[in-house]
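Notes follow once the structure below has been shown.
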Amino acid sequence: MRRRGLKRTHVALFVGALSFTTAVGARPGGGQAYRGGSSRSSGSSSHYSPSSGSSRSYGPSGGGGDVDSGLVLELLLLCFRYPPLGLLVVGGVVGFVILNRRRTRGLSDWSVGGMPARVEATTRTTSARRELTRLVESDPGFSLVLFEDFAYALYAELEMKRPGGELQRLAAFLSPPVMELLHDPKLERVDGVVIGAMRYVAVDHGSERTAVTLELEANLSEVRAGVVQRFYVCDRLVLTRARTARSRPPGRKRKLDCPNCGAPLEGMRGTTCGYCRQEVGGGRLDWQVERIERLTTEQRPPDILSDAAESGNQLPTLVAPGAEQRMSQLLARDPASDPAALSARVAFVFNALQFGWSNRDLARIRPFVTDGLFQYFGYWIDVYTTVRARNITENARILNIELADVVADAVYDAVTVRLFAVSVDYTLSDDGKVLSGSRERERHYSEYWTLVRGRGAQGRPRTEPVCPACGAPLDIGMAGNCGYCHARIVSGEFDWVLSRIEQDEAYG
Amino acid sequence: MSERPFLEAAAKERTSAAVRRIEAQTAVEVVVAVRRRAARYLTTSIAFGAACAALAFAVMWFSPRVYDVRTMPLDAALTLVVGAVAATALPGLRRLLTPKATLERRAQRAAQEAFSELGIAKTRGRTGLLVYVALFERAAVLVPDSGIPAALVTGSLASIGRALTGAVAALDIDAFLAALAELGPAAAGVLPRRADDENELCDDVA
Ligand SMILES: [Zn+2]
Ligand SMILES: [Zn+2]
C-alpha cells in the first residue's frame with residue numbers, strides 16, 4: 001500500500017510532466033505505454049481494474065489516461081527521468097552501505113579458552129627439540145633431521161624384531177631391561193609399523209650422557225596364534241648417548257649397523273661386533289633405547305572427527321632471530337634457492353599434497369616428503385581408510401608465505417615458512433555423508449612447513465613433476481627411489497622436500 | 001540494540017579472563033566462541049522478496065490504476081529482488097521474518113560444527129565445554145563433551161545456559177559474563193581441577 005501511496009504522491013507532484021510523457025513510446029525499462037482505450041482491441045494484453053468492468057478506468061489521482069509500467073519500475077523510471085531524485089536514491093543506498101561498513105569495522109568473530117593449555121604443552125615439545133640442537137656444540141656433525149630419521153628407523157626395527165630371537169641383532173641399540181621388556185614369546189610376526197607422530201617430551205644434557213625422551217604414536221599389525229591384530233599405541237622412549245659419542249659420517253647415516261665400523265648387525269655377538277671386535281653397546285658410540293613404556297593401547301583408530309583444531313592463525317608469524325641473515329647465507333651458497341623459487345616449490349608440493357590427501361593416494365605424496373612425514377601421512381590415510389572416510393580439502397590455495405626460520409647443520413639446510421591458506425575442508429564418509437566440516441564454507445588456516453635439502457644440493461627448486469636426479473618423468477616407488485635412475489630423491493639430496501608440518505599452536 | 005559489545009576486543013579480553021578464572025577452579029575446559037551469525041538465511045530473504053512480489057502483483061491487479069500487463073512480471077521480479085536485498089541488508093528484518101525454531105536449530109547445528117572445528121573433543125578426560133554465541137540468532141548454546149557428568153549437564157549447566165541465552169537476547173555483555181562466571185563453582189563440585197591439568201593435550205602434527 002505504501003508503494004501506491006508513493007505513486008500517488010509523485011503523480012500529484014509531477015502531474016504535468018506525466019501528462020506529456022505517458023504517451024511517449026519507448027522507456028528505459030523497455031515497457032511500452034499506450035493509451036488504455038486502444039487496448040480494448042488487444043483484450044488480454046492489458047489489465048483493467050475489476051471495479052470498472054471492461055471499461056477504461058482512471059486512477060483516482062491519475063494524470064489522465066496514463067498506463068503505468070509497474071510499481072518499482074515506475075519508481076525506477078522516475079529516478080532516471082528526474083536525475084536529482086535518482087541521485088538522492090543512489091546516495092541513500094551508498095550512504096547506508098558505508099555507514100553499515102563503518103559500524104561493523106574491526107568487529108569479527110572470536111573464540112577464547114581451552115587453547116592456552118594446548119599451547120603450553122606443545123611449546124614444551126618444540127623447545128625440547130630446539131634444546132637438542134645444542135648437541136652441535138660438542139658434536140659438529142649432529143643433524144636433527146638425521147636424528148629423527150634414526151629414531152623412526154630404530155623404533156620400527158625394535159617393533160618388527162620382537163618375535164623370535166631377532167631382538168638380539170639390535171642389542172647394540174637397546175638396554176638389557178628394554179630387551180627383556182620387548183620380548184614376547186607369543187608374538188609370531190609383526191606385519192607392519194606405521195608411525196603417526198613423534199613428539200619430544202624432554203631433552204636433558206647431563207654431564208656424562210644426553211637423554212632424549214620421545215613419545216611415538218604408531219599403528220602396529222601383530223600376529224598372535226595366527227590372528228592379525230591392529231593396535232594404535234603411544235610409546236614413550238628414552239634414548240641416551242654418551243657425551244663423548246659423535247654422529248655417524250653422512251655416508252652411513254641411514255643404516256642401522258655397527259656403531260663403530262658400520263658392519264651389518266648380523267655379525268653382532270651380544271653387544272660386541274663380530275667384525276671390529278669392539279664392544280659397541282650401552283650408548284657409548286650411538287643412541288640406545290634405555291627405557292621404553294607403553295602409555296596407551298587402543299584397538300580403535302583415533303577419532304578423526306576431532307582432528308580439526310584451528311586456532312592461532314591470527315597470531316603473528318614467529319620469525320626466529322637471525323633467520324633473514326641465515327637466509328642470505330643460504331642464498332650466497334645457492335643463489336637459485338631464492339625466496340620466490342622456494343615459495344613456488346612450496347606451492348607445488350602443497351598442491352600435490354592436497355590431491356594425494358583428499359584421494360587417499362600416498363603415491364602422489366611420496367616424492368615430496370621425507371620418510372618421517374610420509375609415515376605420518378600413511379598413518380592417517382590408513383586411519384581414514386579404516387573408518388571408511390576421506391578428509392577432503394577442495395579448492396585449496398595458498399594466500400601468503402612468510403619466512404620463519406633457516407637452519408643449517410652439517411648435513412642439511414632447513415627452511416621453515418609459515419603458509420597461509422584457505423580451502424573448503426570436510427570429512428566425507430565413503431557412502432557420501434558429510435561427517436564434519438562444511439562443504440560450502442571456506443576455512444582459513446596457517447601452518448609452519450619445514451623443507452629440507454642436503455647441503456650438497458644446488459639449483460632451482462623444481463616445480464614440475466620430474467625426477468630431480470635424472471629429469472625423467474616422476475615415477476617414484478614407495479621407498480622413495482626413482483623408477484629410472486633409482487636415486488633416492490626423498491632424502492632431500494637433490495631437491496627440497498617437506499619434512500615437518502606444524503600447526504600454529506604447536507610451533508614455537 | 002547493538003551487537004558491538006559482544007564483538008569488541010574488550011569483550012574477548014574479559015571473556016578470556018573469565019575463562020581463566022573458571023579453569024582455575026575446575027577440570028572443565030571452557031571455550032567461548034562468539035559468531036555474528038550461525039547461518040545466512042538466504043531462504044528467508046528470498047521468501048520475503050517473493051512475498052513482496054506477490055503483494056506488488058496484487059496491488060497492481062486490484063488497483064484502480066492501469067498497469068501495462070507486459071511489464072507487470074518484470075516489475076514483480078524487480079520487487080522480489082528489492083525485497084530480498086532489503087531483507088539481506090537489514091538483519092533485524094531478517095530475524096523478525098525467520099521462525100524462532102529455525103533460528104534455534106541453526107544455532108544448535110553451528111555450535112556442533114564449531115565444537116569439532118575448534119577441536120574441543122581433544123581433551124584427555126573429554127571435559128571440554130563449548131559456549132557458542134550466535135548474535136544474529138540471539139542464542140547461546142552449550143555443547144558439553146562426553147566426559148562431563150550428565151547430572152551437571154541437565155542440572156546447573158542447563159540453568160546457566162538459560163541465563164546465557166537471556167543475556168545474549170538482551171545483548172548484555174555484563175550479564176553474559178556474570179552467567180559465565182557461574183560455570184566455575186557449578187563445575188568445581190563435580191569436576192574439580194586436577195594437579196596435572198596443564199599437561200593435557202599435546203597434539204602437534206608429525
Ligand atoms: Zn664393528
Ligand atoms: Zn631419476
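Here are the numbers:
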quantity	calculated
Number of the condition not met by residue A:422 [criteria: (1) of a type outside the set (Asp, Glu); (2) away from ligand 2 (no atom under 12 Å from the Cβ); (3) touching a Leu at 6+ places or on another chain (Cβ under 7 Å); (4) over 30 Å from residue A:109 (Cα atoms)]	(4)
Residue within the stretch B:71-80 that is open to solvent by 30 Å² or more (accessible area, probe 1.4 Å) and charged (D, E, K, R) present	no
Hey, residue B:113 in contact with a helix residue (DSSP H, G or I) (Cβ under 8 Å, 6 or more places away or on another chain) and surrounded by 15 or more Cβ atoms within 10 Å (Cβ to Cβ) or not	no
Residue count, the stretch A:277-301 (criterion: open to solvent by 40 Å² or more (accessible area, probe 1.4 Å) and either in contact with a helix residue (DSSP H, G or I) (Cβ under 6 Å, 6 or more places away or on another chain) or more than 30 Å from residue A:412 (Cα to Cα) (or both))	11
Candidates A:240, A:213 - the one that is more than 16 Å from ligand 1 (Cβ to nearest atom), in contact (Cβ under 8 Å) with a residue 24 or more places away in the chain, hydroxyl-bearing (Ser, Thr, Tyr) and within 14 Å of chain B (Cβ to nearest Cβ)	A:213
Any chance residue A:465 is under 20 Å from residue A:347 (Cα atoms) and open to solvent by less than 10 Å² (accessible area, probe 1.4 Å)	no
Residue that is farthest from residue A:428 (Cα to Cα) [pool: residues in the stretch A:354-383 that are buried (at least 20 other Cβ atoms within 10 Å of the Cβ) and hydroxyl-bearing (Ser, Thr, Tyr)]	A:370
Lone qualifier among A:321, A:335, A:301 - being in contact (Cβ under 8 Å) with a residue 12 or more places away in the chain, more than 16 Å from ligand 1 (Cβ to nearest atom), away from chain B (no Cβ under 14 Å) and assigned to a loop (DSSP other than H, G, I, E, B)	A:301
Verdict on residue A:140 being crowded, with 18+ Cβ neighbours inside 10 Å and assigned to a loop (DSSP other than H, G, I, E, B)	no
Search result, residues across the stretch A:469-508 that are among the hydroxyl-bearing types (Ser, Thr, Tyr) and within 10 Å of ligand 2 (Cβ to nearest atom)	A:484
Matching residues, the stretch A:363-399, being within 15 Å of residue A:301 (Cβ to Cβ) and among the basic types (Lys, Arg)	A:388, A:390
Matching residues in the stretch A:375-417 - criterion: being in contact with a Lys or Arg (Cβ under 6 Å, 6 or more places away or on another chain) and within 14 Å of chain B (Cβ to nearest Cβ)	A:381
Matching helices (runs of 4 or more DSSP H) fully within the stretch B:55-156 where at least 2 residues are more than 22 Å from residue B:31 (Cβ to Cβ) and without any contact (Cβ under 8 Å) to a residue 24 or more places away in the chain	B:72-89, B:91-97, B:100-117
Selection from the stretch A:185-214 of residues that are basic (Lys, Arg) and not in a strand (DSSP E or B)	A:186
Condition met for residue B:119 (buried (at least 22 other Cβ atoms within 10 Å of the Cβ), assigned by TED's automatic domain parsing to the domain that holds residue B:181 and farther than 27 Å from residue B:172 by Cα)	yes
Positions within the stretch B:22-51 being at the interface with chain A (Cβ under 9 Å from one of its Cβ atoms), open to solvent by 10 Å² or more (accessible area, probe 1.4 Å) and assigned to a helix (DSSP H, G or I), in sequence order	B:23
Unique residue being within 16 Å of ligand 2 (Cβ to nearest atom) and charged (D, E, K, R) when the list is A:442, A:464, A:447	A:464
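Residues are listed down the side, and each one gets a yes or a no for (1) free of Cβ contacts under 8 Å to residues at least 24 places away in the same chain; (2) within 24 Å of residue A:367 (Cα to Cα); (3) open to solvent by less than 20 Å² (accessible area, probe 1.4 Å):
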site: A:427; (1), (2), (3): no, no, yes
site: A:460; (1), (2), (3): no, yes, no
site: A:471; (1), (2), (3): yes, yes, no
site: A:474; (1), (2), (3): no, yes, no
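The values are calculated or read from the model by the stated rules, or taken from the named source; none is laboratory data. Since this is a predicted model, take the numbers as computed values, not measurements. Every residue, glycine among them, receives a Cβ derived from its backbone with ideal geometry; neighbour counts consider all protein chains shown. Each accessible area value is taken on the protein alone, full model and side chains, heavy atoms only, with ligands, DNA and RNA left out. Shrake-Rupley method; radii C 1.70, N 1.55, O 1.52, S 1.80 Å.
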